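The values are calculated or read from the model by the stated rules, or taken from the named source; none is laboratory data. Just so it is clear, the model here is predicted, and its values are computed rather than measured. All Cβ positions, glycine included, derive from the backbone under ideal geometry; neighbour counts span all protein chains shown.
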Amino acid sequence: MSEERDFGPQPLATLLERWGLSHHDMVEVSPEQLTYKQVQRAAMGRKLTLKMKQKLARTLNFAIWGRFTNEEREEYVEYFPKHLFNYSKGFNGEAPELNEGLIQSLEERKVRRDFLLELGKIQ
């Protein structure tokens, strides 16, 4: 009766790569004290609780949204755990990318100052 705990590389890892985001970017912008180890475990496919999957989805959305212009923000569709983890309820591996028209490398962009202020990361 052993439960499967490792599910291999997750869609989260692919999205981080496609958006040009690092584990550091996720930890830096997280309002919920996310750690590098948690991000690494999630991307590599360690089974997580629903609460942790939700925390990672919120943080990914923050990491992306915080770098967008106001116009880009209006077009952005948020990711949910079912988009990031292949073992989540409702996961569909055949579903098209939600933000295909917007997806771009954000590694050259910094998180907007107003967003960091809103998160309480700077004063």
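Here are the numbers for this structure:
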item	result
Residues that are part of a helix (DSSP H, G or I), free of Cβ contacts under 8 Å to residues at least 40 places away in the same chain and of a type in the set (A, V, I, L, M), drawn from segment 36-80	Val39, Ala43, Met44, Leu50, Met52, Ala57
Criterion: basic (Lys, Arg) and closer than 21 Å to Ser88 by Cα - qualifying residue of Arg58, Arg67	Arg58
Hey, Asn61 modelled with pLDDT of 95 or more and either buried (at least 18 other Cβ atoms within 10 Å of the Cβ) or within 23 Å of Glu118 (Cβ to Cβ) (or both) or not	yes
Conditions (1) under 24 Å from Glu4 (Cβ atoms); (2) surrounded by fewer than 19 Cβ atoms within 10 Å (Cβ to Cβ); number of the one not met by Leu48	(2)
Search result, residues across segment 9-64 that are in contact with a helix residue (DSSP H, G or I) (Cβ under 7 Å, 6 or more places away or on another chain) and of a type in the set (Val, Ile, Thr)	Val27, Val29, Thr35, Val39, Thr59, Ile64
Test result for Ile122, among the β-branched types (Val, Ile, Thr), surrounded by fewer than 16 Cβ atoms within 10 Å (Cβ to Cβ) and either in contact with a Phe, Trp or Tyr (Cβ under 8 Å, 6 or more places away or on another chain) or over 13 Å from Trp19 (Cβ atoms) (or both)	yes
Close pairs (6 angstrom Cβ cut-off, 6 or more residues apart or separate chains): under 18 Å from Val29 (Cβ atoms) in segment 91-111, among the aliphatic types (A, V, I, L, M) and in a loop (DSSP other than H, G, I, E, B) anywhere	Asn99/Val77
Residue match in segment 83-90 (condition: within 10 Å of the chain's Cα centre (by Cα) and either surrounded by 14 or more Cβ atoms within 10 Å (Cβ to Cβ) or not hydroxyl-bearing (Ser, Thr, Tyr) (or both))	yes
